[in-house]
Each structure stands twice: as structure tokens, then as C-alpha cells.
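Student: One structure coming up, written as C-alpha cells, with questions to follow.
The values are calculated or read from the model by the stated rules, or taken from the named source; none is laboratory data. Owing to the predicted nature of the structure, the values given are computational and were not obtained by experimental measurement. Ideal geometry is used to build each Cβ from the backbone, glycine not excepted, and the neighbour counts take in all protein chains shown.
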Amino acid sequence: MKENLSKVIAGVVGECEWEQILDLIEIPPDASMGDLAIPCFSLAKIKRKNPVFIAEELKNELENYKEKLGISKIETVGGYCNVYLNREIYVQNSIKKLQQDNLGVPKIGSDKTICIDYSSPNIAKNFHVGHLRTTIIGNSLYKIHEKLGFHVVRINYLGDWGTQFGKLIVAYKKWSSKELIEKKGIEELLDIYVKFNAEADKQPELMDEARAWFIKMEQGDEEALSIWKWFKDISMVEFERVYDMLGISFDSYLGESFYRKKVPALVESLKEKKLLVESQGANVIDLSQYDMPPCMITKKDGGSIYHSRDIAAVLYRKETYHFDKCLYVTGLEQSLHFKQVFKAIEIMGYDWYKDLVHVPYGLVSLEGAKLSTRTGNIIYAEDILNEAVKRAANSMEEKNPDLENKELISRQVGIGAVIFHDLFNQRIKNVDFSWDEVLSFDGTTGPYIQYTYARAKSVLRKYGKTINGNCIDFGVLTDDVTFELIKTIVGYEDAVKVAAERYEPSVIARFLVSVATSFNKFYHECPILREEKENVKLARLQVVDLVQKVIKDACELLGMQCPEEM
């Protein structure tokens, strides 16, 4: 509708493209001011006329297109041209659109591949709340792009290489044992890692020992690699337990250890391109002309580093998956790192550097203090999810003690609450972790959305018959409340597209809140099963059916499940 209107207006105005007009069209804050509004202030600069006169000109011209565009009335107020839609036509078109496959969302990415690098926890460290953010955001972006038809490669780039493993080997040999680690698992690995860092502050020589063990790993020492692999296997068991709770899986778990083997070939390529410079014994790419620090490729001892492993990884992914775009979902604090990596790819002569995108998210803090495994100031993801499920179970017991499948529903509601809390706000915002906020079931929360879905399903269950979507009296769905609900749910396609364009799952979360709010108002003000007129009842039931489908589908894009009852 907005596109068609924009094309007509562009023809009237001249001197600008219809896409420019499309960006101008607004949805008024109050339905009494119209369904769409065209502010004419910026057009005044193009036409060199008073915006009030331009609004009148548009009104007069659009009168000729009312039937074609499905417009019932046009008004001007100040410099605005306000358009009122023919509600019956709009409702009919909207419902038919939502009845299509994929709820009318087009598969615009059907011939494209996107790699998404997310989660990427460090081996031998618990999966904490910070990892939870990248995991939830990345999973949602995967589902959003998949909805649009993209082939998505889900990559978990494990932090399974680096000096921290030298630290762990030293700590294991000094303060732990095989029996303790087999008994306590990752908990023991974390304890000895924290102890190492505390002791290294007092005994700097411990760092020399750690570096020596990591060099052994780099050189293929059998004992060092055996211990490292053991720690990695223990960690993966822990990670998979969290992923199972979230319903998340990956297509690739290739981590830093895999790509370190590809660094020598990278070094040779950089030498051939005359891009490698020696700096204090290390090999770097000089990025000073781009106002960036040097991008380190190998350390003094010849070992690989984050930059070199990431460059090797992106080259491998391009060769393997032929991606059209590669997203990196990591913390905002890694912005410089990725600018350096992407710039390195560019100056190496690869024109697809522009297809590399860092998708940053804000920091997670605990009561104002930065999370740190090194100091032990941490909250574990599994603890959050388990506590959420426990609180959901208590709430279910209190509100609906006779509910069947309470264990499953508590799991869906509790984990859904954690996911929705993270995705409701823009990803770039910092989060100060609060148990009360994360696990709140009141207000604009996951459980509120899930309850709305369950309410819609309850209505359909009570009706108990198949709804014929081909026999609808669209004229009875034009009252203010129903029309507002239909306008909201037909916005699903736009919400999915915008969420993908901005890499912003919060667009879907906020769309869901709008749907739930509109539906609950409709539920209370428009009788459904109690409606005496059969044509009105059937039409409203069709709206209920579409609402539950949209809510369930949108929740799945966030990684949430919807209980049939609550």
C-alpha cells in the first residue's frame, strides 16, 4: 500500500524517486488522524512551495486514485496529507496475505548464503551470562534470515586455543588432580584458573611456565595436547547441556585450534603481497594509514594470535561456503579487532570484504561490575535458566495447579522469559544483570506473549471446529479495535525484513508486544464465541487463528516456544 502510494505521489511531485517518498510516509500516532500521513515539509524544498499548498495539491491528485489505491478519504491538516484506507478492502487484502505460505513473508534470500559466527565460548570456562547474549542474539538472527529464505551456516567458533591453556595446565599440575577434575568437571577447571591468576599476581614466574606449556602445545607436544583435548571434551559436555536447554544447535564447531594450522599459509600469502612487516620481533600488517593499530599476525615466538586465526577463518569460510555475507555476533568491545581483520581482508585484495559485518552487543555487568572469569565475578547461564524454570513452575502451581504438562510448560515459560528479556531491548544497550528483571513475568515479558498465545488457542479449542478461511465476511471486521489488530499483525512481513536489515531481533520482540496488546483489547471488547451473529463469529475466529499463527511464528524467530495452555 505504501509503495503504491509512494509511486503515485512521486509522479505528482516529480524531481524525486518513489523510494524517497516511501521514507517520508508515516503512520499517525492516533488513528483519528488517518492510517497513513505524508508530511510535505521536505517536499517544500524540492517544489519551492509552502507545505500546506503541496498537501492540498497531493489531496486533489490522490482523489483520482482513491479506488485504485483502496482509499476511502483524504484530508489535509497543516502541512500533512492524511490518508484513510478503505477498511474492508484493506482487511480483505491483509487476511489473504497472512493466509499465504510463510504468513506472506517472501523468501527474498532464497539464492543467498549467510554465515553467522556466534556463541563461541572459551573452552575450560563455564558458559556465563555474557555468552548467553551472543548465543541468543545469534540464534535469533539465524532464524530471522532462515525465515526470509537464506541458507544460513551456524558457526560456533570455539575459543579453544591460546595462553590460557598454558595457565590451566600449570594450575592442574600444581593444585588439582585427574580425580578432582573428573568429579567436578568444568567447576574445578574454573576454580584452578581463578587461583592461577590470583597466584600469578604474587609469583610472576608462573606466567613464564604457562607460556612454556602453550609453546609446547603449538609445537605438538603429546602430553600438552592430550591434557588440552581432555579439558576441551569436558567443556563441550557442559556447553551442550546449555544449548539443549535453549534448543540451539550449530553446523560448525571449528575453533581457533583448527585455524592456527592455516596461519603459516596466511603468512606466506601476506609476504607475497608485501603486506607483512616486522615489529619488535613480531609480524604485523601496518594499518597506520587507516588510523588503526597494527594487526598482529604472529608473535615473537612465531605463534598465531587472534587476528591471524580470524583472518584464516574468514578465508576458509569464503572458500568453503561461498557466503554472500558473514556476520560476527560479539561484544562491542571487539569492534576494533574486527575493523582490523576486515581491513586486512580488504588490503589483501578481496573485494568481498564489504560482506563482513560485525554485529556488536552491549556489555553485561553484575551490579555495575564487569563480568570476569579471571576474578570469579560471574553468573552462569545454566544457573539463570534453571532458576527461571523453577520460578515459572512456582507461578504455574500458584495460578493453575491442575495444569497438565507443568514441567514442560515451566521450562518453555522460564527459558522464554530469559530469551525475551534479552531480545526486547536493542542489542547495543548495556545490560546490568538483575535477577528480578530477567525473571519477571509481568508487563512486556515473554510470559505475557506466551499467555496471549495460549488465550487464542483456548478460544479455538472451545470452538472445536475447523475454520474455513475462504468464507469470511470482511465487512464485519472494520470496527476500530479489530481494524487496529489486523493492521498490527499484517506488519509481520515488515518486522521480519527490518529485523534482518538492522540485525536487530528487538524489532520482532516489540512487534510481538504490539500484537499481544492489540489482541487482548480485541479479546475483551469484541465477543467471539458469545457473538450471536454467525458471520461475525466466524470472521473473528479467523482473526484469532491468524493471531496465534503469527505469535507462534514470531516467537520461534526469537528462539522461544509457545505453550498451548498456561
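Student: Can you pull out the helices (runs of 4 or more DSSP H) entirely within the range 158-212 that have at least 3 residues that are within 23 Å of residue 302 (Cα to Cα)?
Tutor: Of the helices (runs of 4 or more DSSP H) lying wholly inside the range 158-212, those with at least 3 residues that are within 23 Å of residue 302 (Cα to Cα) span 163-175.
Student: Further question: Give the range 452-472 a look and list any residue that's at pLDDT below 95 and of a type outside the set (Gly, Ala, Ser), or say none. Steps first, please.
Tutor: Let us first name the residues in the range 452-472 that are at pLDDT below 95, namely 464-472.
Result: 465, 466, 467, 468, 470, 471, 472.
Student: If you don't mind, another one. Restricting attention to the range 380-394, and to residues there that are surrounded by fewer than 18 Cβ atoms within 10 Å (Cβ to Cβ) and over 15 Å from residue 421 (Cα atoms), which single residue is farthest from the chain's Cα centre (by Cα)?
Tutor: First, the residues of the range 380-394 that are surrounded by fewer than 18 Cβ atoms within 10 Å (Cβ to Cβ): 382-383, 386-387, 390, 393-394.
Now narrow it down to the ones that are over 15 Å from residue 421 (Cα atoms): 382-383, 386, 390, 393-394.
Values: 382: 20, 383: 22, 386: 22, 390: 26, 393: 27, 394: 29 Å.
Within the range 380-394, the match that is farthest from the chain's Cα centre (by Cα) is 394.
Student: Now a separate question. Here is a list of conditions, (1) surrounded by 16 or more Cβ atoms within 10 Å (Cβ to Cβ); (2) of a type outside the set (Lys, Arg); (3) more than 20 Å from residue 91 (Cα to Cα); (4) touching an Asp or Glu at 6+ places or on another chain (Cβ under 8 Å), and residue 46 meets all of them except one; can you say which number that is?
Tutor: With respect to (1) surrounded by 16 or more Cβ atoms within 10 Å (Cβ to Cβ); (2) of a type outside the set (Lys, Arg); (3) more than 20 Å from residue 91 (Cα to Cα); (4) touching an Asp or Glu at 6+ places or on another chain (Cβ under 8 Å), residue 46 is out only on (1).
Student: Within the range 262-304, how many residues are part of a loop (DSSP other than H, G, I, E, B) and more than 15 Å from residue 157 (Cβ to Cβ)?
Tutor: Here the count works out to 16.
Student: A further question follows. Across the range 486-538, what is the number of residues that are part of a helix (DSSP H, G or I), under 16 Å from the mean Cα position of the chain (by Cα) and more than 17 Å from residue 553 (Cα to Cα)?
Tutor: Final tally of qualifying residues: 2.
Student: Now for a separate question. Under 7 Å by Cβ, and 6 or more places apart or on different chains, what pairs join a residue from the range 455-484 that is farther than 21 Å from residue 564 by Cβ with one that is among the charged types (D, E, K, R) and modelled with pLDDT of 95 or more?
Tutor: 474/88; 475/88; 478/87; 478/88; 481/521; 481/525; 483/87
Yes/no matrix, rows are residues, columns are (1) part of a helix (DSSP H, G or I); (2) buried (at least 19 other Cβ atoms within 10 Å of the Cβ):
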position: 21; (1), (2): yes, yes
position: 29; (1), (2): no, no
position: 53; (1), (2): yes, no
position: 56; (1), (2): yes, no
position: 61; (1), (2): yes, no
position: 74; (1), (2): no, yes
position: 82; (1), (2): no, yes
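Student: Next question, about the same structure. Quick check on my filter: what residues within the range 412-443 are basic (Lys, Arg) and either free of Cβ contacts under 8 Å to residues at least 60 places away in the same chain or touching a Phe, Trp or Tyr at 6+ places or on another chain (Cβ under 7 Å) (or both)?
Tutor: Residue satisfying the conditions is 427 alone.
Student: Starting from residues that are closer than 16 Å to residue 303 by Cα and among the polar types (S, T, N, Q), keep the ones in the range 223-282 and report whichever is farthest from the chain's Cα centre (by Cα).
Tutor: For the range 223-282, the residue satisfying everything is 280.
Student: Given (1) crowded, with 22+ Cβ neighbours inside 10 Å; (2) in contact with a Leu (Cβ under 7 Å, 6 or more places away or on another chain); (3) not β-branched (Val, Ile, Thr), identify the lone condition not met by residue 495.
Tutor: Of (1) crowded, with 22+ Cβ neighbours inside 10 Å; (2) in contact with a Leu (Cβ under 7 Å, 6 or more places away or on another chain); (3) not β-branched (Val, Ile, Thr), only one is false for residue 495: (2).
Student: Report yes if residue 28 is under 27 Å from residue 485 (Cα atoms) and in contact with a Phe, Trp or Tyr (Cβ under 8 Å, 6 or more places away or on another chain), otherwise no.
Tutor: It is false that residue 28 is under 27 Å from residue 485 (Cα atoms) and in contact with a Phe, Trp or Tyr (Cβ under 8 Å, 6 or more places away or on another chain).
Student: Run down 297, 311 and say which single residue is under 35 Å from the mean Cα position of the chain (by Cα), crowded, with 17+ Cβ neighbours inside 10 Å and without any contact (Cβ under 8 Å) to a residue 40 or more places away in the chain.
Tutor: 297
Student: Could you check the range 25-53 and list, in sequence order, the residues that are farther than 16 Å from residue 87 by Cα, touching a strand residue (DSSP E or B) at 6+ places or on another chain (Cβ under 9 Å) and β-branched (Val, Ile, Thr)?
Tutor: Matches in the range 25-53: 25, 38, 52.
Student: Name the residues in the range 244-258 that are among the aromatic types (Phe, Trp, Tyr) and without any contact (Cβ under 8 Å) to a residue 60 or more places away in the chain, would you?
Tutor: If the condition is that a residue be among the aromatic types (Phe, Trp, Tyr) and without any contact (Cβ under 8 Å) to a residue 60 or more places away in the chain, then 258 is the only one that fits.
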